[in-house]
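Q: One structure coming up, written as structure tokens, with questions to follow.
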């Protein structure tokens, strides 16, 4: 358990990790809320699971884990609790989404509607931040640091 909660304690690193985890949590939370609750124009749990399982043929368990990672993982990052696990879940979810649904659209986001989908740049940023948090943890300005 020590490695799950281990994290650097120096003040500079603590601030950097706070910025990274809150940023990633705030960016990912609306995506999870779309999938779980139907907020922000999303389809909610039933609609998302239907799309995952029937259209994309993703096993139910993996669809559930993606929703949990995006919604509860984002909250965990913002609070700084179970940060390594939350970041790993988000990173894996983003890597799978990038590989299965976005790599064919190239690198760039679809800012001007000139391509059929979104490219990889958003996913690479989230994967990079998630990797840093998975390796280092939440920092001393977190609930994890109390453990």
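Q: When residue 10 is evaluated against the numbered criteria (1) over 19 Å from the mean Cα position of the chain (by Cα); (2) over 29 Å from residue 146 (Cβ atoms), which criterion, by number, is the only one it fails?
A: Only one criterion in (1) over 19 Å from the mean Cα position of the chain (by Cα); (2) over 29 Å from residue 146 (Cβ atoms) is unmet by residue 10, namely (2).
Q: Looking for whichever is over 17 Å from residue 100 (Cα atoms), in contact with a helix residue (DSSP H, G or I) (Cβ under 6 Å, 6 or more places away or on another chain) and assigned to a helix (DSSP H, G or I) here; the options are 47, 32, 63. Which one fits?
A: 32
Q: Oh, and also: Could you please tell me which pairs satisfy a Cβ distance under 9 Å, a separation of 6+ or placement on different chains, a first residue in region 82-110 that is touching a residue at least 12 places away in the same chain (Cβ under 8 Å) and on the phi > 0 side of the Ramachandran plot, and a second residue that is in a helix (DSSP H, G or I) and surrounded by 16 or more Cβ atoms within 10 Å (Cβ to Cβ)?
A: Close Cβ pairs satisfying both conditions: 82/5; 82/73; 82/76; 82/144.
Q: Condition test on residue 113, is it out of contact with any helix residue (DSSP H, G or I) (no Cβ under 9 Å at 6 or more places or on another chain), at pLDDT below 95 and part of a loop (DSSP other than H, G, I, E, B)?
A: Considered against the rule, which asks whether it is out of contact with any helix residue (DSSP H, G or I) (no Cβ under 9 Å at 6 or more places or on another chain), at pLDDT below 95 and part of a loop (DSSP other than H, G, I, E, B), residue 113 comes out as yes.
Q: Hey, could you check region 116-127 for residues that are over 11 Å from the mean Cα position of the chain (by Cα) and either within 27 Å of residue 9 (Cβ to Cβ) or in a loop (DSSP other than H, G, I, E, B) (or both) and say which is modelled with the highest pLDDT?
A: Here the residue is 120.
Q: Let me ask another. Of all residues in region 35-44, which are in a helix (DSSP H, G or I) and either at pLDDT below 95 or over 14 Å from residue 72 (Cβ atoms) (or both)?
A: 39, 40, 41, 44 - these are the residues of region 35-44 that are in a helix (DSSP H, G or I) and either at pLDDT below 95 or over 14 Å from residue 72 (Cβ atoms) (or both).
The values are calculated or read from the model by the stated rules, or taken from the named source; none is laboratory data. These numbers were taken from a predicted model, which means no experiment stands behind them. A quick note on method: Cβ atoms are made from the backbone with ideal geometry, for glycine too, and the neighbour counts reach across all protein chains shown.
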